[in-house]
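The values are calculated or read from the model by the stated rules, or taken from the named source; none is laboratory data. No experiment lies behind these values; they were computed from the predicted model shown. FYI the Cβ positions are ideal-geometry reconstructions off the backbone, even for glycines, and counts take in every protein chain you see.
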Amino acid sequence: MAEPRTDDLVEIDQLCARYMLLTSQFVDGRWHEVFTPDGVYNAFGTDYTLERFPALLAAAPRGQFIGNMTVVDFDGPDRATGMQHFVFVDQTTHAMRLGWYNDEYRRTPDGWRIHRRKTTFMRKSGDFDGGVQHDPLATD
């Protein structure tokens, strides 16, 4: 029988909730609290390192992220993968975007962190994709 991982599950769920809070409130400079130093966020077909987060955040629409609890699979004591569905509500129009994150997590000396987070959007047409590029500094 697998060892219970309740503490790890709670910590990862809090990690993902902290990501939602920092992103919704446009808090800059605290990404080390949720990502590994070599962490990558992928959206719009582009990988963003932590150094590029300020530009990405500045270009993003304002609004509220609401996410469900993360479904996590452990791969040993220090690695895991997960999926978290979310709804984004635009602050000015209240238009919604639906999607999910596919994550890779790593345990660090400071606790669990996101190593890689990839966004997939759910379209009204029934399609799924990485979104429409909105970063004015994107090179891809």
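State which residue pairs qualify: first residue free of Cβ contacts under 8 Å to residues at least 24 places away in the same chain and inside the stretch 52-76, second residue of a type in the set (A, V, I, L, M) and in a strand (DSSP E or B) in any location, beta carbons under 7 Å apart, and separation of 6 or more residues or different chains.
Qualifying pairs under 7 Å: V71/M83; D73/A80.
Filtering the stretch 26-50 down to residues that are over 13 Å from the mean Cα position of the chain (by Cα) and at pLDDT 90 or above, which residue is nearest to T108 (Cα to Cα)?
Out of the qualifying residues, it is P37.
Within the stretch 102-129, restricting attention to residues that are among the hydroxyl-bearing types (S, T, Y) and free of Cβ contacts under 8 Å to residues at least 24 places away in the same chain, which residue is nearest to R5 (Cα to Cα)? Reasoning before the result, please.
First pass over the stretch 102-129, keeping only residues among the hydroxyl-bearing types (S, T, Y): 105, 108, 119-120, 125.
From what's left, free of Cβ contacts under 8 Å to residues at least 24 places away in the same chain: 120, 125.
Numbers: T120: 27, S125: 38 Å.
Ranking the candidates gives T120 first.
Return the residue satisfying two criteria in turn: it lies in the stretch 6-40 and is among the β-branched types (V, I, T) and part of a helix (DSSP H, G or I), and of such residues it is surrounded by the fewest Cβ atoms within 10 Å (Cβ to Cβ). Give the steps one after another, and end with the answer.
At the first step, the residues of the stretch 6-40 found to be among the β-branched types (V, I, T) are 6, 10, 12, 23, 27, 34, 36, 40.
When the remaining residues are screened for being part of a helix (DSSP H, G or I), the result is 6, 10, 12, 23.
Values: T6: 8, V10: 12, I12: 25, T23: 22.
For the stretch 6-40, the residue satisfying everything is T6.
If R123 satisfies all but one of (1) surrounded by fewer than 17 Cβ atoms within 10 Å (Cβ to Cβ); (2) of a type in the set (K, R); (3) at pLDDT 95 or above, what's the number of the condition it fails?
(3)
Just wondering, is there one or more residues in the stretch 3-25 that are touching a residue at least 24 places away in the same chain (Cβ under 8 Å) and touching a helix residue (DSSP H, G or I) at 6+ places or on another chain (Cβ under 7 Å)?
Restricting attention to the stretch 3-25, the residues satisfying the condition of being touching a residue at least 24 places away in the same chain (Cβ under 8 Å) are 5, 8-9, 11-13, 15-17, 19-20, 23-24.
Then drop every residue that is not touching a helix residue (DSSP H, G or I) at 6+ places or on another chain (Cβ under 7 Å), which leaves none.
Within the stretch 3-25, not a single residue is touching a residue at least 24 places away in the same chain (Cβ under 8 Å) and touching a helix residue (DSSP H, G or I) at 6+ places or on another chain (Cβ under 7 Å).
L22 fails exactly one of the following numbered conditions: (1) at pLDDT below 90; (2) closer than 25 Å to F121 by Cβ. What is the number of that condition?
In the conditions (1) at pLDDT below 90; (2) closer than 25 Å to F121 by Cβ, L22 misses (1) alone.
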